[in-house]
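*Asks:* Please see the structure below; I have some questions.
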Amino acid sequence: MKQINLYLSLLILTFAAMSCQQAEPQQQIQPQALLDSAIAAHGGGHYDGATISFGLNNYDFKLKREGYTYDYEMSQEKDGVLHKVNTFNGGLTYKMGDSLVDHGGRQMTLIRERVNNVAYDFYIPYSLTGNDVILEYLGMEDMRLKPYHKLKVSYKQIPGGDPDHRAYVLWISKDTYEIDFIAKQNDEASGRKQFMAAAYKRRVNGMLFSDFELYQTPGRNKDVRIDSLGIAYNSGNMQRKAVTTYMDVEVSLPED
């Protein structure tokens, strides 16, 4: 009789647990809402209209975005002459001292891409809000024993244009919504991928900035899918190759 009563008690508890699970369905993560939370955690509305300056790889940068307009500057002194590049909504000027320089179409295109790529990566996650962005939630993954949301970013194909194989995977902290890891694919043909771990974090005028340690697998990440680089990092099958360090970050807000 005791065994029957015990069996009935366990059966009741099982049905109760099932009922609770049905009554409280698991919350679905919406990719756009997750990105919005990450943007808020990194400074949110402070980005728009702010002028940000910093040093990187012996160059000085000054960046400003306002809505869909931008003005980016990269400068360096060489042999006592200031070289300054400005890119702005598709335009480009290159000055050596007070003189305008035109190095030719291909080289000017490469210079523009260099400046814009630095700015794009620096502004993550704020830069991932364009109309050409496709967001995909990849679920949860533990990174060094801490839970993270995985968000993949890819880009819409322009009809008649070249295929755009760029992609990012962001590991967003479940607790803080800060981005601690980023995987980046520049293009599909070369197989080039980067895996970056946030290192030195600091806030300037309410905005969060991080330096990044760059890691590679023995195969230079070429044989690893971009969304699997976190597994390689957790397994210890990566070596730190370099550090992206943003020096002397300063922020001037619109009301300053």
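*Asks:* Over the Cα atoms of region 119-198, compute the convex hull volume and normalise it per residue, giving Å³.
*Replies:* In region 119-198, the Cα hull volume divided by residue count equals 105 Å³.
*Asks:* Ok, one more. If you average 1/r across every pair of different Cα atoms in region 130-256 and take the reciprocal, what Kirkwood value do you get, in Å? Kindly include the intermediate steps, with their values, before the conclusion.
*Replies:* Values: mean 1/r = 0.0624 Å⁻¹.
16.0 Å is the Kirkwood radius here.
*Asks:* How big is the charge dipole of region 108-256 about its Cα centre, in debye rounded to the nearest 20, if each Lys and Arg gets +1 on its Cβ and each Asp and Glu gets -1 on its Cβ?
*Replies:* Value, rounded to 20: 520 debye.
*Asks:* Where in region 48-82 are there chymotrypsin sites (Phe, Trp or Tyr not before Pro) that are in a DSSP coil and have at most 10 other Cβ atoms within 10 angstrom of their Cβ?
*Replies:* Those that pass, being in a loop and sparsely packed, are Tyr68.
*Asks:* Using the structure shown, select from Lys150/Lys174; Lys64/Lys84; Lys201/Lys222; Lys64/Lys152 the pairs with a Cα to Cα distance greater than 19 angstrom.
*Replies:* Numbers: Lys150/Lys174 10 Å; Lys64/Lys84 16 Å; Lys201/Lys222 29 Å; Lys64/Lys152 26 Å.
Checking Cα-Cα distances, Lys201/Lys222; Lys64/Lys152 exceed 19 Å.
*Asks:* Please list 3J(HN,Hα) in residue order for region 131-137, calculated via the Karplus relation 6.51 cos²θ - 1.76 cosθ + 1.60 where θ = phi - 60°; whole Hz, with x for glycine and proline.
*Replies:* 5, 8, 8, 10, 10, 9, 7
*Asks:* Follow-up question, since we're still on this one. Can you tell me the alpha carbon radius of gyration of the chain divided by the globular rule-of-thumb value 2.2 N^0.38 Å?
*Replies:* Details: Rg = 23.4 Å, N = 256, 2.2 N^0.38 = 18.1 Å.
After normalising by residue count via 2.2 N^0.38 Å, the value is 1.29.
*Asks:* About the Cα centre of the chain, how large is the charge dipole given +1 on each Lys and Arg Cβ and -1 on each Asp and Glu Cβ? Please answer in debye to the nearest 20.
*Replies:* 880
*Asks:* Right, here's the next one. Show me the three semi-axes of the equivalent ellipsoid for region 48-122, from the C-alpha gyration tensor (sqrt of 5 times each eigenvalue), largest first, rounded to whole Å.
*Replies:* For region 48-122, the ellipsoid semi-axes come out as 20, 15, 11 Å.
*Asks:* Also: Of Gly91, Gly49, Gly105, which has the largest mean-square fluctuation in a 10 Å C-alpha GNM of the chain?
*Replies:* Highest fluctuation among the options: Gly105.
*Asks:* Once the cut-off is 19 Å, how many percent of the Cα-Cα pairs in region 60-164 end up in the long-distance tail? Walk me through the numbers before you get to the answer.
*Replies:* Details: 3210 of 5460 pairs.
Above the 19 Å cut-off, region 60-164 has 59 percent of its Cα pairs.
*Asks:* Please give the peptides 108-117, 157-166 ranked by average Cβ packing (other Cβ atoms within 10 Å per residue), highest first, as a rough proxy for protection. Before the final figure, lay out the partial values.
*Replies:* On the way: 108-117: 14.5, 157-166: 10.2.
Packing proxy ranking, top to bottom: 108-117, 157-166.
*Asks:* Between region 161-186 and region 100-124, how many Å separate their Cα centres?
*Replies:* For region 161-186 versus region 100-124, the Cα centre distance is 21 Å.
*Asks:* Name the aspartates and glutamates eligible as straight-distance cross-link partners of Lys241: C-alpha to C-alpha under 13 Å, and not fewer than 8 places from it in the same chain.
*Replies:* Those aspartates and glutamates meeting the cut-off are Glu213.
No value in this document is a laboratory result; all are computed from the given coordinates. Model, not experiment: these values are computed from the prediction. When we count neighbours, we look across all protein chains shown, and the Cβ atoms used for this are built from the backbone with ideal geometry, even at glycine.
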